[in-house]
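Worksheet: the structure to be examined is printed underneath.
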Amino acid sequence: MNIDLRMENISIFFGEFQALSDVSIDVKSGEIHGLLGENGAGKSTLMNILAGIYPPSSGRIIIDGETVHGMTVSRAADLGIRFIHQELSVIEDLRVYENLFLSKELTLKNGFLDKKEMAARSAELMRKMNLDINVGDYIRDLDTSRKQLVEIAKAIMFEARLIIMDEPTTSLTNKEIEVLFDLMRNLKKSGVSMIYISHKMPELFSVCDKYTVLRDGRFIQSGEFRTIDEHGMTELMVGRSVVESERSAVTRTDEVVFEVKGLSCGDFFRDVSFSLYKGEVLALTGLFGDGRAELSEALFGARKVTSGTIKKSGAHLPIHDIGSVMRAGVGMVPRSRKERSIFPDLSILNNASMAYLAKNRGAFFADRRDDQRRFGEMVKLMNVRYDHEDNFITSLSGGNQQKVVLARWLETDADIYILDNPTQGIDVGAKFEVYKLINLLTSGGKSVIIFSSEFPEIYRVCDRCVVMYKGVINAVLDRNELTEIKMMYYSTGANLEAGTRE
Amino acid sequence: MSEQIEKKPFNALEHIKYLYTNHTYIFSFILLLVIMLFINHDYLSFTSLSTLLMQSTIKGILALGMTFVIISGMIDLSIGSNIAITAGLGIVLLNRSGSITLMFVFCVAFSVFLTAVIGLFVTKGRIAPFVVTLATMSIFRSIIVQLGQGGPFNVASSILPRFRVIAAGSVMKVPNMAIAFIVLTVIMTVISTQTKFGRYIYAIGSNETASRLSGINVNRVKVEIFMLMGAMIGVTSFLFASRMTSVTAANAGMSYEMDAIAAAIIGGTSFSGGRGRILGTFFGALSLQLIENLLVAAKIPPFLTGLVKGTIILAAILLQSKKESKKA
């Protein structure tokens, strides 16, 4: 089970661009190693080299004292290296156990599939992992967090010595994250090593033993987690003292600009009412299954509601049609950038201009000059790092892609911005720029509704916080009474459960 | 940015490289042309090139419309049947009214109507375009065969000379058909690159959810894409009737959809949507016709033309898909 890995002086070029220069990392047996760095720092590239996806331009991979020449994907698999990618790679139309045994199917003597045995072994693994997933279910019928857990199960189904996890907790609830961490600690005891990539500091500090920080493709520092704190770690990653951009000035006024009344949508959420004031940042939070995702869509007219109304500055908001909602002065940055925002076949410029074009009806021609002018303003505002505006948007790092998406919505010059998980999967630096932007918007008289489940983020930006639980608003907390414990108390419905017990 | 570009010395090889990765279709066309020149040394003449253009026109115009349909991630399998029914009914109208203008207007309006119905089934009915047009392919064909009782629709002899000259005529030695193809190519290029509608076509093919959430009325744009396809079919039906002067209901336009798809794909349109160029399709249509002419010139047995044509199409696509995977 044991592995002793050393990657030594790894460099790699893509064309003229040097993605990694002289990076080294050591992972000992039974160690959970946190790999940190902003997006574009080279973490994924380094891991792709280890998994045999890219050959390094120079440097060595040494496993158990022996240099591995010409690492390939299948070689890595033979060596017991498993890679859990950020994007799900389970197959929707196959059952759970079929996914676990994909390409390693067990067969009976007559050549037919031994479904019984595969299902039994899968169920055994689920028990060991303490998961209540029925191995006969189709993946498409599972929610995202369960898909993610199946993905992880797939990695440890067959003997693994080193598991690379690239942000495995993005779609997991806190309880599931705990399950995963317990699992990781158990694996560690049996000598399995793990490399853990994440942007979430509390997770890293709770589960990892050692860290390696990369920045701009260079090795910055390695060490043990117990010798460093979160602030120090952030500085290592960003490479400069992070400007604290806490909600500096209160810009909230008494003027109600957005009023939601009795909004309901099937089983997802019921009787949701709240008001948003001009210049205010309102956070909406909760745990998985609280109906927030559907609510965010309903506010923007992207989901039909069964009852309820929304008023914007006193006038009814036509929530049956996205275009009308946009023209009424509401903009939305959707969650899950890749699925809901990015046009992978279009250029950076065309990605940025899409919402403005759709909002302003009438004109038949698209004016490229005007697109460039608007985008130029946004670039100045948000510090987007790009090579050329006509390059595909996919050539950018996650953080910069998200900035382009934000630019798309800022171009529409809305009064109210709904931001659904705007910092999902982006690096620390870009996160702070998003927070700065929110401050800038509200000081300009705009109002913001931010959907988030990360307390530090909510605490940093919001004036008030609406906590949802199972589709209803459970509490509205003012900034001065907002604590992580309170937020958790209401989002787990602890107050309600206590009531029913009596 | 501009500074960097100015500093860079002019590098012809790099320019060709760029042209090759982004406009492969021009190179495949030139390659075919060179092969043709080996067989027929006099091929590079005004006459043969304008003839090539004219021969490509019918399928080429269809391919222009098909390009938009494919870029947006859809497909129309019923354009061949659509031509048969539109051209057939158009000839009936022409014979009764004697007005060529009226027939032209009818052809375009009727095809647009048919494709709009397809569009509504796709959007409001939420049925995959492949399935809808598989059904309409057989419906349109059946209607026109029934109306013609299996027989052909012939242009009345009184109008024939006036009508025939549209497809057969030329302006300053350039065939009318070729002019129509070029004009429509220019119009469609402008639509695809300069208009908001053009942007939306690419956006929908690239990511439909993101398009909807950006405020694009996806359903409306899809119906409009089909209607534009219909307009191309209408023009083609009119030219087809003028060129053939007789439309056999049972097999007119048969398998034209396949040639239109092939031309778009040889021209670099991505079958998974989001990418493609009208100019590529223009050269794709020329290449496709050039392949056919090559086979005739090289005296390849007519029964084998399908084999050679198919192989060349596969080779063209392989060339492009290889390039795509390199980029990623």
**Q.** ³J(HN,Hα), Karplus 6.51/-1.76/1.60, whole Hz, each residue of the range A:470-477, x for Gly, Pro
**A.** 6, x, 10, 6, 9, 6, 10, 9
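Loop sites only, by DSSP: take the chymotrypsin sites (Phe, Trp or Tyr not before Pro) in chain A that have at most 14 other C-beta atoms within 10 Å and name the longest stretch containing none of them.
Working: sites that count: A:Phe112, A:Phe158, A:Phe364.
After excluding every exposed loop site, the longest remaining stretch is A:159-363.
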Q | Between 0 and 90°, nearest 10: helix A:428-443 axis offset from chain A longest Cα axis | A | 0 degrees
Q | Phi to ³J(HN,Hα) by Karplus 6.51 cos²θ - 1.76 cosθ + 1.60 over the range A:254-262, Hz, x for Gly, Pro | A | 9, 8, 7, 10, 8, 10, 9, 10, x
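Can you put A:Ile84, A:Ile10, A:Ile91 in order, fewest other beta carbons within 10 Å first?
With the fewest neighbours first, A:Ile84, A:Ile10, A:Ile91 line up as A:Ile91, A:Ile84, A:Ile10.
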Q: Using only the Cα atoms of chain A, build the gyration tensor, take square roots of its eigenvalues as a ≥ b ≥ c, and label the shape rounded, prolate or oblate: rounded if a/c is under 1.5, else prolate if a/b is larger than b/c, else oblate.
A: prolate
**Q.** For A:Val272, distant residues with modelled amide H under 5 Å away
**A.** A:Gly262, A:Leu263, A:Ser264
Q.
Please state the shape class of chain B: rounded when a/c is under 1.5, otherwise prolate if a/b exceeds b/c and oblate if not, all from the C-alpha gyration tensor.
A. oblate
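Test of understanding: what is the full-extension gain from B:Lys173 to B:Arg96, defined as 0.36 nm times their sequence separation minus their Cα-Cα distance?
Working: separation 77, 0.36 × 77 = 27.72 nm, distance 3.24 nm.
Going from the current span to full extension adds 24.5 nm.
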Q | With Cα atoms, 0 to 90° folded angle of helix A:115-128 axis to chain A main axis | A | 70 degrees
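Quick check: from the Cα gyration tensor, does the range B:131-245 come out rounded (a/c under 1.5), prolate or oblate?
Details: a/c = 4.40, a/b = 1.52, b/c = 2.90.
Verdict is oblate for the range B:131-245.
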Q | Shielding of B:202-212 by partner chains, average beta-carbon count, 10 Å | A | 6
Q. In the structure displayed, which of A:Lys147/A:Lys189; A:Lys128/A:Lys470; B:Lys59/B:Lys309; A:Lys278/A:Lys312; A:Lys128/A:Lys188 lie more than 18 Å apart, Cα to Cα?
A. A:Lys147/A:Lys189; A:Lys128/A:Lys470
Q: Would you grab the residues whose amide H sits under 5 Å from the one on A:Asp114? Only those 5+ places off in sequence or on another chain, please, with H modelled 1.01 Å from N.
A: A:Leu106, A:Thr107, A:Leu108
Q. Excluding same-chain residues fewer than 8 positions from B:Lys17, which aspartates and glutamates have a Cα within less than 16 Å of its Cα?
A. B:Glu324
Q.
Taking the beta-carbon count within 10 Å as an exposure proxy, list B:Thr47, A:Thr212, B:Thr281 from fewest neighbours to most.
A. B:Thr47, A:Thr212, B:Thr281
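Rounded to the nearest 5, what % of the DSSP beta bridges within the protein assembly as shown are antiparallel ones?
On the way: 49 of 84 bridges.
For the protein assembly as shown, the DSSP antiparallel bridge percentage is about 60.
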Q.
Within a 10 angstrom radius of the beta carbon, how do B:Val145, A:Val272 rank from fewest other beta carbons to most?
A. B:Val145, A:Val272
(Q) In whole Å, what are the extents of the range A:347-485 along the principal axes defined by its C-alpha atoms, from largest to smallest? (A) 50, 33, 29
Q) Using modelled amide H (1.01 Å from N, peptide plane; none on Pro or chain starts), what sits under 5 Å from the amide H of A:Phe83, excluding residues fewer than 5 places away? A) A:Ile164
Q. What ³J(HN,Hα) values, in whole Hz, does the Karplus curve 6.51 cos²θ - 1.76 cosθ + 1.60 give for the range B:85-99 when θ = phi - 60°, with x put for Gly and Pro?
A. 6, 5, 5, x, 5, x, 5, 4, 5, 4, 5, 6, 9, x, 9
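Every number in this text was worked out from the coordinates using simple rules, so none of it is lab data. Quantities reported herein were computed from a predicted structural model and do not represent experimental measurements. Because the Cβ atoms are built from the backbone with ideal geometry, glycine has one as well, and the counts that use them run over all protein chains shown.
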